[in-house]
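The values are calculated or read from the model by the stated rules, or taken from the named source; none is laboratory data. Note that the structure is a prediction, hence the values are computed from the model and not measured. Cβ: placed from backbone, ideal geometry, glycine included. Neighbour counts: every protein chain shown.
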Amino acid sequence: MSDFPAPNPTDDHWFYSSWRPAMAYQYLAVCIFDFILAPVLVGVYSAMFNEYHVWAPITLQAAGIYHVAMGAIVGVTSWSRGQERICALNNNDTSAVAPVDAPVDPPK
């Protein structure tokens, strides 16, 4: 048949456990660029070459749907992760409650 081992459902791939923080960091980076770095760089460019340029935030075009979408993704996933942790606490499952980097003590 196949030479590949069957996937183990208990082993989480790094992407599966890290996509929520990655989305939040990506959104933070986009907001920092769009609202802090780009306006400053455009202002510096305008001052250096005596030309007047105004930065129009890219993410606010199309009625800011980017922020609505990212707010929904980051907000709903953080809420669902909170629900997962609450459910795990109610079921005494400490493996789902501990952070990814923290060691988990085996049940006694």
(message) Would you confirm, using the coordinates I've provided, whether His53 is more than 21 Å from Trp19 (Cα to Cα) and either hydroxyl-bearing (Ser, Thr, Tyr) or modelled with pLDDT of 80 or more (or both)?
(response) yes
Scanning the stretch 69-80 for residues that are surrounded by 13 or more Cβ atoms within 10 Å (Cβ to Cβ) and at pLDDT below 85, the one nearest to Tyr27 (Cα to Cα) turns out to be Val74
Cys31 passes all but one of the listed conditions (1) modelled with pLDDT of 90 or more; (2) loosely packed, with under 14 Cβ neighbours inside 10 Å; (3) in a helix (DSSP H, G or I); (4) not basic (Lys, Arg); the exception is number (2)
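Considering only the stretch 58-75, I want to know if a residue exists there that is aliphatic (A, V, I, L, M), on the phi > 0 side of the Ramachandran plot and without any contact (Cβ under 8 Å) to a residue 60 or more places away in the chain.
Filtering the stretch 58-75 for residues aliphatic (A, V, I, L, M) gives 58, 60, 62-63, 65, 68-70, 72-74.
Still in the list and also on the phi > 0 side of the Ramachandran plot: 62-63.
Next, from what is left, pick out any that are without any contact (Cβ under 8 Å) to a residue 60 or more places away in the chain: 62-63.
Yes.
Table: residues versus (1) assigned to a helix (DSSP H, G or I); (2) among the hydrophobic types (A, V, I, L, M, F, W, C); (3) under 15 Å from the mean Cα position of the chain (by Cα).
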{"position": "Tyr45", "(1), (2), (3)": "yes, no, no"}
{"position": "Met48", "(1), (2), (3)": "yes, yes, no"}
{"position": "His53", "(1), (2), (3)": "no, no, no"}
{"position": "Ala56", "(1), (2), (3)": "no, yes, no"}
{"position": "Ala63", "(1), (2), (3)": "yes, yes, no"}
{"position": "Thr77", "(1), (2), (3)": "yes, no, yes"}
